[in-house]
1. Would you compute, from DSSP H runs of 4+ residues alone, the mean residue ellipticity of the protein assembly as shown at 222 nm, taking -39500 (n - 2.57) per run and dividing by the full residue count, rounded to the nearest 500?
2. Could you please rank A:347, A:19, placing first whichever residue has the fewest other Cβ atoms within 10 Å of its Cβ?
3. How many Å³ per residue does the convex hull of the Cα positions in the stretch A:22-151 occupy?
4. Restricting the calculation to Cα positions, tell me the Rg (one decimal) and the Dmax (whole number) of chain B in Å.
5. Run the numbers on chain A and let me know its relative contact order in percent, using alpha-carbon pairs under 8 Å that are six or more apart.
6. Of B:70, A:232, A:362, A:308, how do they rank once you tally other Cβ atoms within 10 Å and put the fewest first?
7. Under 1.5 on a/c is rounded, so check that first for chain A, then, if it is not, pick prolate when a/b is larger than b/c and oblate when it is not; a ≥ b ≥ c are the square roots of the alpha carbon gyration tensor eigenvalues.
8. Please report how far the C-alpha centroid of the stretch A:58-112 lies from that of the stretch B:31-84, rounded to the nearest whole angstrom.
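Bear in mind these aren't lab numbers, they're just calculated from the coordinates by the rules spelled out. As the structure is a computational prediction, the values presented were derived from the model and not from experiment. A quick note on method: Cβ atoms are made from the backbone with ideal geometry, for glycine too, and the neighbour counts reach across all protein chains shown.
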Amino acid sequence: MSRCPSASTLEAAPIVSETVIIVGAGQAAGQAVASLRQEGFDGRIVLVGAEPVLPYQRPPLSKAFLAGTLPLERLFLKPPAFYEQARVDTLLGVAVTELDATRRQVRLDDGRELAFDHLLLATGGRARRLDCPGADHPRLHYLRTVADVDGIRAALRPGARLVLIGGGYVGLEIAAVAAKLGLAVTVLEAAPTVLARVTCPAVARFFESVHRQAGVTIRCATTVTGIEGDASLARVVTGDGERIDADLVIAGIGLLPNVKLAQAAGLVCDNGIVVDEECRTSAPGIFSAGDCTQHPNAIYDSRLRLESVHNAIEQGKTAAAAMCGKARPYRQVPWFWSDQYDLKLQTAGLNRGYDQVVMRGSTDSRSFAAFYLRDGRLLAVDAVNRPVEFMVAKALIANRTVIAPERLADELIVAKDLAG
Amino acid sequence: MTKVTFIEHNGTVRNVEVDDGLSLMEAAVNNLVPGIDGDCGGACACATCHVHIDAAWLDKLPPMEAMENSMLEFAGGRNESSRLGCQIKLSPALDGIVVRTPLGQH
Ligand SMILES: Cc1cc2nc3c(=O)[nH]c(=O)nc-3n(C[C@H](O)[C@H](O)[C@H](O)COP(=O)(O)OP(=O)(O)OC[C@H]3O[C@@H](n4cnc5c(N)ncnc54)[C@H](O)[C@@H]3O)c2cc1C
Ligand code: FES
């Protein structure tokens, strides 16, 4: 018996051993492995990952791991012994180069071919590269993997000059770590504010002021047109023709989903691998989970591609269940966190299309929540050091709650009671 | 090494030994104790590491920070013995600690 019990109880013939291949060994993959076994899948699991390490958590890469206060072992989703115990064939440092969706086979970069019954594409994404003269400068880095951090660490020395291109969450987290380590940090952001795509101007200005207080130089509405200089020094050229010297440059300008395999195999892709609410792709037996998927979200009646741990975990669970014939449709309020200095930002929901922002508490106190509404309905929250507001909002968003702005702003109503 | 006893909601007892300095959440996740997910990896952001500390050990723990207390407000089955496992660092002083896992996490 090697299928999920629930899916096979009605079948009379002896069940052939099934194989699940998981492509990519990141957050979604790690979850899927654990969930497959939890759901009772008894067949063969092959985990193929291009990075030479077991599935690990990326968030610390721009936080404690970058700061050097967390060793690699503590990033692992599961300890090495787990994979043995769970009888997982781990092929690490190996990439899948070809997918044949009809014959249900993959080819690996070492030439091997493997057959599968179910496949999970958990290929995540890669850092978007700068596209300007000097983009191959040896002092220019990106931050997506442990190997990337290894390449950056040596340059994180007090007094060194760091230029960050892009003022998103990851960029600002790096800025916070580097400023604390004593580097001279400059953030260059093309948009009028940092975090422009994800927060409202008030929250963005708050984060800018926090960083400025920590000594970080933030320059918005500033594009980068090139990187000059030799191996000993990078010189970042801005749109106004200014040149900023840097010992280290890190670009954090977004993520591109890894869809090449899927696309070449004829799977439907559209800013990600298109899946349904059970993580099924357009090809039978092939599933996808994590940063690489474009998936439906019932709470917003729209299709999304998300880059968050929570999404990777939940889709990993959903895909594993679906492979076992169990429907566990994905219905989640997206959420995310970011740690900068003493601030914990927790954001829930998506603010896309908001027509009103309600502030609860003031940014001056470094503890506040910004609620985003559309037609009175709560869409999202950015909570800074306000965990209760975050938790309450998550529930309200899930229920598509219409709520009076005055209530949200009224600190005399304790946060917990906002739900009531 | 610190010994930890996890008692699952269904009564299953698991004795594990972990390196000092790891958190109670890591002790559970590394030893595949069901019911403790630790989704945020210990950032005190998800509350999927909620545990109940045996009464005999509760006083030996450092007090809760405001963040932990607030995150627990919405944890299912919260009571006086509730803590977030990721916020408790294991040390010889906690050798033998007994911890119960809740019915489910959110
Ligand atoms: C620096 C940083 C900080 C972050 N901070 C947060 C945070 O605070 N909170 C949060 O919620 N999220 C955070 N994220 C996002 C979060 O880490 C991702 O959303 C999550 O890792 C996505 O998981 P995944 O499994 O989809 O992809 P990944 O974890 O990226 O894993 C995909 C894996 O697939 C491999 N792969 C790709 N193609 C192939 C192939 N053909 N063959 C074999 N292997 C392949 C890749 O090498 C990679 O290892 C952060 C990300 C980064 C980079
Ligand atoms: S692991 Fe997320 S709060 Fe403890």
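1. So the calculated ellipticity at 222 nm is -6000 deg cm²/dmol.
2. Numbers: A:347 27, A:19 18.
In increasing order of surrounding Cβ atoms, one gets A:19, A:347.
3. 129
4. 12.1, 32
5. The normalised contact order for chain A reaches 14 percent.
6. Listing B:70, A:232, A:362, A:308 from fewest to most nearby Cβ atoms yields A:232, A:362, A:308, B:70.
7. Values: a/c = 2.07, a/b = 1.29, b/c = 1.61.
Oblate, since a/c reaches 1.5 and b/c is not below a/b.
8. Result: 29 Å between the Cα centres.
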